[in-house]
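Structure first, commentary second.
The values are calculated or read from the model by the stated rules, or taken from the named source; none is laboratory data. The structure presented is a predicted model; accordingly, all values stated were derived computationally and were not measured. Counting neighbours? That spans all protein chains shown, and the Cβs are built from the backbone with ideal geometry, glycine included. Note: areas computed on protein heavy atoms with side chains; ligands, DNA, RNA excluded. Shrake-Rupley method; radii C 1.70, N 1.55, O 1.52, S 1.80 Å.
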There are 4 protein chains.
Amino acid sequence: MGKTRLEAFSDGVIAIIITIMVLELKVPHGEDAHALLPMIPIFLGYVFSFIMVGIYWNNHHHMLHIVHKINGPVLWANLHLLFWLSLIPVTTAWMQESHFASQAVALYGFVLFMASVAWPILAHFLIKIHGNQSELAIAFGEDRKGKISMLMYLLAIPLAFLNVWIAIVLYIAVAVIWFIPDQRIEKNLHHE
Amino acid sequence: MGKTRLEAFSDGVIAIIITIMVLELKVPHGEDAHALLPMIPIFLGYVFSFIMVGIYWNNHHHMLHIVHKINGPVLWANLHLLFWLSLIPVTTAWMQESHFASQAVALYGFVLFMASVAWPILAHFLIKIHGNQSELAIAFGEDRKGKISMLMYLLAIPLAFLNVWIAIVLYIAVAVIWFIPDQRIEKNLHHE
Amino acid sequence: MGKTRLEAFSDGVIAIIITIMVLELKVPHGEDAHALLPMIPIFLGYVFSFIMVGIYWNNHHHMLHIVHKINGPVLWANLHLLFWLSLIPVTTAWMQESHFASQAVALYGFVLFMASVAWPILAHFLIKIHGNQSELAIAFGEDRKGKISMLMYLLAIPLAFLNVWIAIVLYIAVAVIWFIPDQRIEKNLHHE
Amino acid sequence: MGKTRLEAFSDGVIAIIITIMVLELKVPHGEDAHALLPMIPIFLGYVFSFIMVGIYWNNHHHMLHIVHKINGPVLWANLHLLFWLSLIPVTTAWMQESHFASQAVALYGFVLFMASVAWPILAHFLIKIHGNQSELAIAFGEDRKGKISMLMYLLAIPLAFLNVWIAIVLYIAVAVIWFIPDQRIEKNLHHE
């Protein structure tokens, strides 16, 4: 079964997810520059979620690039990942509209956590059909970066109720770790 | 006539259908966790419709995979299927906002029924140009799963007025039947 | 210059146009079946516009299928067509919300007219680079169907102010003419 | 790393950006023709932004056409460009709803300026992996058109506070410069 349509469908869904967030950037009411001030946290929330979804798209691109076949479980593991990514816009919006209330920041972290869980599941089903000696299996390795991310999200969720900024700093930290496309796969590709 | 654009266009439409449903997950009003409670049925409705659309995408993927040519009637049979799928978000929303009122649940079932009717029509026109001995015709077979699904939807629509939960259980039952990508085609592929 | 991206971009835009119209099918307010009654004209408007956009997509598919190269003017002629198609959802919505007021029905006809003008312009620029003896030029021929459509829209626009139903019947008549994918090109393909 | 998915993803995002602007063309309230009058500036704003996004899509198409490989930094430079393009709908909407207030017109210019900055950054990372003697490097050259555009936007932003029409004329002037697909690359292609 070819991977082309899986890529095309994922591209479509991720393109929509990354773009509908912009609908939340509602037109400011006043006509003067002060009307823009309350837009700043909303704008920063948009920037951050844009980068998060961008990271997933980049890594999805990298992972699928070294994959040769897919099957039914992979289709569903991929849809499962897209499901959690699809919740990023609405949880971003709740964070923005609640002025970064604890519950909203924690829920946002929960969605990021679930996406970070969906990622190795997708990798698992792909490795299952490519073998443990496959390029993908070697590139994915022990997935230390992924495990650290999950841990950081798990820490961030309860900490959001103590102080939302701790959670937000942890989210940013995970984004920084992932910002550079997966070195493991990138490195692996250089050896070819 | 190539199938590439048919696949690409269907991917685009299905990607949008599956993603605009998330727009219905409106930002909760309060800032505390109680604000999330009324979100639960809405969320479950989203999960279910996401899975339903996902099932159609997976099966569309499987069916088009073993198809070699298309023609005008196939284009329209495909658009007809996409038409009914495009009504899933709005009927999901009505179910959610009416707190699962009988009429809304019945209408949702009607849309699912029409989509389940559109599916064998698409198969019919594809088989017509591929022949009764084609891989597709053999894989599609008597379509027992499809016929059972239609029957279950037909039962569910009037039963929704008796008790909505009977209808909902029937919808879930159909989803469970289809969750696994079409075994007939999958099995057929294994013989290659 | 390859036509792949032109097709992919057009597929994306048309997929979005055909799907955002569904957003206008707002959730009915009441919970009983009467709430659905005012939805009927809105629903029929959706069905009609869905078919119109579907016709354009099918014909776009047919036309691009027998085309081998594109250039700058073709890109813009294509964007020009997409521009007018993009106005179908908003004019459909105005028709629906004004309960088919004369002005709204006339404006809808104007958008359909402009799209029907954009179509031969796109064909013209494609024929320019493929030559008068090209498959496309022969298939396009004198474009009688296109000219009749334009005339019917031109008639329908003023007639909408006399009686909206005359205009609506004319729109439906054009749709019926075009419903079948372009016979000229289809026939031509059969000779191959 | 193949450029196919980069193109497909960009096509998806740009298709959505160009189409969601139409959602701002809200249904006019009255039923008579006067209801359309306040729509005229909104419509012209839509036309202009449609053309601007169309220019970017055309040039993206041209640039990627002569590119053979991509890497991580290119993916991010491309996402960076898409980010600024994604802000065109919301700033267009603010201009429209504020009846072209100075701040809104200036902010729109700022977004256009940032997109015009993102463009040579993307070119830079592409040239970096293709070499200074590559077709792309030669076609891109000194990018005089790009530098003039940036300068005109930089001028337009403060001038919007003096008189919004000066800024708007400058925006239109830049669009006119770019309307024709990049002559440098087009010319270059003719030499092949």
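Between residue A:142 and residue C:129, what is the label-to-label distance in nm when each label sits 7 Å out along the Cα-to-Cβ direction?
The modelled label-to-label distance comes out at 5.5 nm.
Could you tell me the calculated FRET efficiency between residue C:69 and residue A:162, based on Cβ-Cβ distance and R0 = 51 angstrom, to the nearest 0.05?
0.25
Pairs C:69/C:128; A:3/B:147; C:3/C:128: which exceed 20 Å Cα-Cα?
A:3/B:147
Running a GNM on chain A with Cα contacts under 10 Å, which residue among A:170, A:155, A:126 ends up with the highest mean-square fluctuation?
A:155
Roughly what angle does helix D:4-20 make with the longest principal axis of chain D, taking Cα atoms, 0 to 90 degrees, to the nearest 10?
Its long axis makes an angle of about 10 degrees.
Taking the Cα centre of each part, how many Å lie between the stretch B:66-117 and the stretch D:65-88?
Cα centres, the stretch B:66-117 to the stretch D:65-88: 36 Å.
Which of A:10, A:34, A:129 sits farthest toward the positive end of the charge dipole of the stretch A:4-189, with +1 on the Cβ of Lys and Arg and -1 on the Cβ of Asp and Glu?
Farthest along the dipole direction, towards plus: A:129.
Mind putting a number on the dipole of chain C about its Cα centre? Charges go on the C-beta only, +1 for Lys and Arg and -1 for Asp and Glu, and I need it in Debye to the nearest 20.
560
To the nearest 20 Debye, how big is the dipole of the protein assembly as shown about its Cα centre, given +1 on the beta carbon of each Lys and Arg and -1 on that of each Asp and Glu?
Computed about the Cα centre, the dipole is about 1300 debye.
Determine the shape class of the protein assembly as shown: with a ≥ b ≥ c the square roots of the Cα gyration tensor eigenvalues, call it rounded for a/c under 1.5, and otherwise prolate if a/b is greater than b/c, oblate otherwise.
rounded
Any chance you could give the angle, 0 to 90 degrees and rounded to 10, that helix B:144-162 forms with the longest Cα principal axis of chain B?
So the helix axis and the longest Cα principal axis differ by about 20 degrees.
Please check: in the Gaussian network model of chain C (C-alpha springs, under 10 Å), which one of C:15, C:167, C:156 has the largest mean-square fluctuation.
Of C:15, C:167, C:156, the most mobile in the Gaussian network model is C:15.
Toward the positive end of the charge dipole of the stretch B:4-189, about the Cα centre and with charges on Cβ (Lys, Arg +1; Asp, Glu -1), which of B:177, B:99, B:118 goes farthest?
B:118
At each listed q (0.14, 0.18, 0.31 Å⁻¹), what is the log10 of I(q)/I(0) that the Debye formula gives for the stretch D:90-138 modelled as equal alpha-carbon point scatterers?
-0.50, -0.60, -1.00
Of all the accessible heavy-atom surface of the stretch D:4-189, with the other protein chains kept in place and a 1.4 Å probe, what percent is carbon and sulfur?
72
Could you work out the mean projected area of the convex hull around the alpha carbons of the stretch C:38-112, in square nanometres to one decimal?
5.2
What's the FRET efficiency of residue B:37 with residue D:173 using the Cβ-Cβ distance as r and R₀ = 56 Å, to the nearest 0.05?
Working from the Cβ atoms, E equals 0.50.
Calculate for the protein assembly as shown the 222 nm mean residue ellipticity that helices alone would give, adding -39,500 (n - 2.57) per DSSP H run of length 4 or more and normalising by residue count, nearest 500 deg cm²/dmol.
The per-residue figure over the protein assembly as shown is -25500 deg cm²/dmol.
Which value, in square angstrom to the nearest 100, describes the accessible area buried between chains B and C on both sides, using a 1.4 angstrom probe?
2800
Can you give the net charge of the other residues whose Cβ lies under 11 Å from the Cβ of residue C:116, counting K and R as +1 and D and E as -1?
Local charge sum for residue C:116: +1.
Hey, what angle do you get for helix B:88-97 against the long axis of chain B, alpha-carbon based, 0 to 90 degrees rounded to 10?
So the helix axis and the longest Cα principal axis differ by about 20 degrees.
Over chain B, what lengths in whole Å, largest first, do the semi-axes of the equivalent ellipsoid take, defined as the square roots of 5 times the eigenvalues of the alpha-carbon gyration tensor?
They are 33, 18, 14 Å, listed largest first.
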